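Trainee: A single structure is presented below for examination.
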Amino acid sequence: MSPRTLRRRLQAAGTSFRQLLQEYQLQIAMRELENGQRPLPLVAQRCGFADAAGFREAFKRWTGMTPREYRVQFRRKL
C-alpha cells in the first residue's frame, strides 16, 4: 500500500498515523510503568523516544501527569 493510500484510508477512518502511533506509545508506556521499576530512560527507549525528557513531556501531554506520578497513582490502586 502506498503512503498516500494509507493516509487516505486513515483519514476516512477519522485518524492518522501519528495519532495511532501516539496511542500505541501510550499503551506501551503505561504497561511498562505499571509492570515494575524499569528506569525511565529504558521505558522511553522502549516507547520509541530518543531520550527520557521527550518521553516525560509527551506522557504528561497525553495523561496530564508525569510518568513518576502515574507510577505512584497506579501503586496506590493495588
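Trainee: Name the residues in region 8-28 that are over 26 Å from Arg71 (Cβ atoms) and in contact with a Phe, Trp or Tyr (Cβ under 7 Å, 6 or more places away or on another chain), would you?
Mentor: Leu10
Trainee: Please specify each residue of region 45-78 satisfying the condition of being in contact (Cβ under 8 Å) with a residue 12 or more places away in the chain, of a type in the set (A, V, I, L, M, F, W, C) and in a helix (DSSP H, G or I).
Mentor: Within region 45-78, Ala52, Phe55, Ala58, Phe59, Trp62, Phe74 qualify.
Trainee: Quick one: how many residues across region 59-73 are out of contact with any Cys (no Cβ under 9 Å at 6 or more places or on another chain) and under 13 Å from Leu40 (Cα atoms)?
Mentor: From region 59-73, those out of contact with any Cys (no Cβ under 9 Å at 6 or more places or on another chain) are 60-73; that's our starting set.
Keeping just the survivors that are under 13 Å from Leu40 (Cα atoms) gives 66-71.
Residues in region 59-73 being out of contact with any Cys (no Cβ under 9 Å at 6 or more places or on another chain) and under 13 Å from Leu40 (Cα atoms): 6 in total.
Trainee: What single numbered condition from (1) closer than 16 Å to Tyr70 by Cβ; (2) part of a helix (DSSP H, G or I); (3) charged (D, E, K, R) fails to hold for Arg38?
Mentor: (2)
Trainee: So which residues in region 1-53 are of a type in the set (Lys, Arg) and surrounded by 10 or more Cβ atoms within 10 Å (Cβ to Cβ)? Steps first, answer last, please.
Mentor: The initial filter retains those residues of region 1-53 that are of a type in the set (Lys, Arg), namely 4, 7-9, 18, 31, 38, 46.
Listed by number, the residues that qualify are Arg7, Arg8, Arg9, Arg31, Arg38, Arg46.
Values in this text are rule-based calculations from the coordinates and carry no lab data. Just so you know, these numbers come straight off a predicted model, no measurement behind them. Note that each Cβ is placed from the backbone with ideal geometry, even for glycine, and that neighbours are counted across all protein chains shown.
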